[in-house]
Amino acid sequence: MGKFSPSTRRTLCNLICLLGAAPSSVVADSQAPPGGAWQSLRPQLYGTRPIGEVGDESMSVSGPASTPDPSATPIVVQFGKELAGKVRQVRVIIDNNPSPLVTTMSLAAGLPVDEIDLRVRIDRFTSVRAIAETDTGRLEMRSIWVNASGGCSAPPAATQGGALGQIRFRPSTDGHAVQISIRHPNNSGFQVNPVSGDFIPPHFIAHIKLSSGGRVLMEADTGISLSENPTLRLVTGEPLPAPLAVEATDLPTQSRFAATWTGAGAAAH
Amino acid sequence: MSVARALLRSLPAWLWLAGAGTAAAGNAPEALPVTEIAPGDFVHYGKPLPLDAPGHDDIANIGFIVGRRCVAVIDTGGSVRVGRALRRAITAHTALPVCYVINTHVHVDHVLGNAAFAAAQVHFVGHALLADALVRSRPFFLANYAADLDAPASAAQIIGPDESVAVGSDRNLDLGERQLTLHAWPKAHTDCDLTVYDVSSGTLWTGDLLFVRRTPTLDGSIIGWLAAIDALAALPHVRHLVAGHGEVTGEPAAAFTPERVYLSTLLQSVRADLAQGKPLQDALKEPSEAGQSHWLLWDSTHPRNVTRAYQELEWE
């Protein structure tokens, strides 16, 4: 957002909305492309490489056709037998969000990931797409439509609270899945401070690393399309041994948050 | 200069424009139908419509209380038009001036008519957190409900409180031989819920802490809301209840039961989901045992409540 003067930025804010607006160059370059951001992102991210569209049995994206809460919409990416264990990178893109690139996620080689769950902000009627890159460099894409109204400008939920950077682990009983959540406002840079009337600077989780038994399972670059209190869930074909560890970094303060879960039912802080 | 400050500075100019607009329009709205549910307590019952349907500006229960000296308005409806129609209903029943406009919380269907009552002698009263909540909400209201304000729509028309009530310190307003006790609640339906108790008639105006027939919407804390319900249902001397939505018939204390059952069932089922490691998308797919046949607008409201409860309870 560095190339904008404060006044330009505020005008932009008025034109678009509060939640989910992006402090990224994507907004600056394209603002609101008529067909969504994918047309401009595709050459930036993948050049002219061919992108296939596999069937549901290999990969799928799901989410509510009409989201009950645009500030926290669950999106699920699933991989079938053909792709599980062969995906090295996943990107999730919400075409009509001010910051369309939700995350770029690198997965450990050979890790049989069956499912990735995200919780995202959705601004308005949009396609949500996931692009997987396999260990042989093949690209596959799936997408869905999600309807939302007023999500981007919806006032923040009154559910804020807790200590910044507090981390919750929620492993499944069979040990094959873990959800991690980080207490963080994930401010977009376009929300208004009620006391001063000024804009709250962008402040969001930008990087998340998840390890299990000393092995890095996943590293994700993330942005402000993730909901407040960023949450990720990973489901794998093999049990995830303790200790589970999360390291996260936010921007622009570059604060580091870390926590380890050693099992025995207690969530670590 | 911040947007909010700029809006505040433009307030006098807007007030002048609004006055001119009203005079020029010359087609004042008809008085809202009101029911005198207790001597001096007048209620207009809103319609059970969704927030995106025609008539969405008239969905909340709003009304007024008449003392010997002046009138207190409790919520103003979802548009300046509805606010004006309420004002006409007041003048049809009393020649006394309005001295207070009390907003029970920040939601659009309760506050957007405030501008219809803007005048020097009128004080706007709300929860101590209402002003902040309005600052967060004004851009959303302008983006989605501009047509419910006077044209050209402006944030300055969404008038915030000049007097406030803090949690833990009740405030009494005197309308002339009629005392109102205002109580501010910790986070419940929203983070700025306020109830009004008219001591002389025994009438409790709950705002949206009580929904009757319309599915309750959770925008604050499910735990806090259940606590508020217990406290409200146990209040002594309440003879009449005005809910935020729907009409109370029968015993006041019993009126809270369906809402309490709904919210406590939701609380239990989301806690159980979380204990089983069930992700949000699976919690959303679950059929609810909370009895959806009792509730209006269930399909558009309940899933959102599940999402909000899940986000609150996953940090327990």
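The values are calculated or read from the model by the stated rules, or taken from the named source; none is laboratory data. Just so it is clear, the model here is predicted, and its values are computed rather than measured. All Cβ positions, even for glycine, are placed from backbone atoms using ideal geometry, and neighbour counts span all protein chains on display. Heavy atoms of the whole protein, side chains included, go into the accessibility calculation; ligands, DNA and RNA do not. Shrake-Rupley method; radii C 1.70, N 1.55, O 1.52, S 1.80 Å.
Subtracting the Cα-Cα distance of B:A95 and B:D282 from 0.36 nm times their residue separation leaves 61.6 nm of extension gain.
Going Cα to Cα from A:K86, which lysines come in below 23 Å? Please leave out same-chain ones fewer than 8 positions away. List returned: A:K209. Counting only protein heavy atoms and using a 1.4 Å probe, what share of the accessible area of segment A:201-269 belongs to carbon plus sulfur, as a whole percent? The nonpolar share, carbon plus sulfur, comes to 55 percent. Summed over the residues of segment A:210-252 and divided among them, the accessible surface reaches 31 Å² per residue at a probe radius of 1.4 Å. Of the residues in segment A:52-72, those shielded by at least 40 Å² of accessible area once partner protein chains are present, compared with the chain alone at a 1.4 Å probe, are A:P68, A:D69.
Per-residue accessible area (protein heavy atoms, 1.4 Å probe) orders B:Y100, B:Y262 as B:Y100, B:Y262, starting from the largest.
Amide H contacts for B:S79 (H built 1.01 Å from N in the peptide plane; partners 5 or more residues away or on another chain; cut-off under 5 Å): B:L112, B:G113.
Rounded to the nearest Hz, the phi-derived 3J(HN,Hα) couplings of segment A:38-45 under the Karplus curve 6.51 cos²θ - 1.76 cosθ + 1.60 (θ = phi - 60°) are 4, 4, 8, 6, 3, x, 5, 8, where x marks glycine and proline. The simple Förster model, with R0 at 22 Å and r as the Cβ-Cβ distance, assigns B:A120 and B:V199 a FRET efficiency of 0.20. Once the 1.4 Å probe is applied to the protein heavy atoms, segment A:31-109 comes out at 41 Å² accessible per residue. Shape class for segment A:56-102, computed from the alpha carbon gyration tensor (a ≥ b ≥ c): oblate, with a/c not under 1.5 and a/b at or below b/c. Here segment B:174-316 exposes an accessible surface that is 54 percent carbon and sulfur, computed with a 1.4 Å probe and the other protein chains kept in place. Extension gain for the segment B:Q179 to B:V261, taken as residue separation times 0.36 nm less the Cα-Cα distance, is 26.3 nm to one decimal. Once both labels are positioned 7 Å from their Cα atoms along Cα-to-Cβ, the gap between B:H240 and A:Q166 label points is 4.4 nm. Over segment B:177-316, accessible surface divided per residue gives 38 Å², non-protein components excluded, 1.4 Å probe. Of the listed residues A:I208, A:I51, the order by accessible area with a 1.4 Å probe, largest first, is A:I51, A:I208.
Do you know which residues of segment B:129-168 lose at least 30 square angstrom of accessible area in the protein assembly compared with their chain on its own, with a 1.4 angstrom probe? The answer is B:D132, B:V135, B:R136, B:P139, B:F140 - residues whose exposure falls by at least 30 Å² when every protein chain is included.
Using a probe of 1.4 Å, the accessible surface attributed to B:S164 totals some 70 Å² when neighbouring protein chains are kept in position.
Chain B contacts chain A over a buried accessible area of about 3100 Å², both sides summed; the probe is 1.4 Å and only protein chains count. In chain B, Rg over Rh equals 0.97, where Rg is the alpha-carbon radius of gyration and Rh the Kirkwood radius from pairwise Cα distances.
For the set A:I182, B:I223, the ranking by accessible area, highest first and with no ligand, DNA or RNA atoms included, is B:I223, A:I182 under a 1.4 Å probe.
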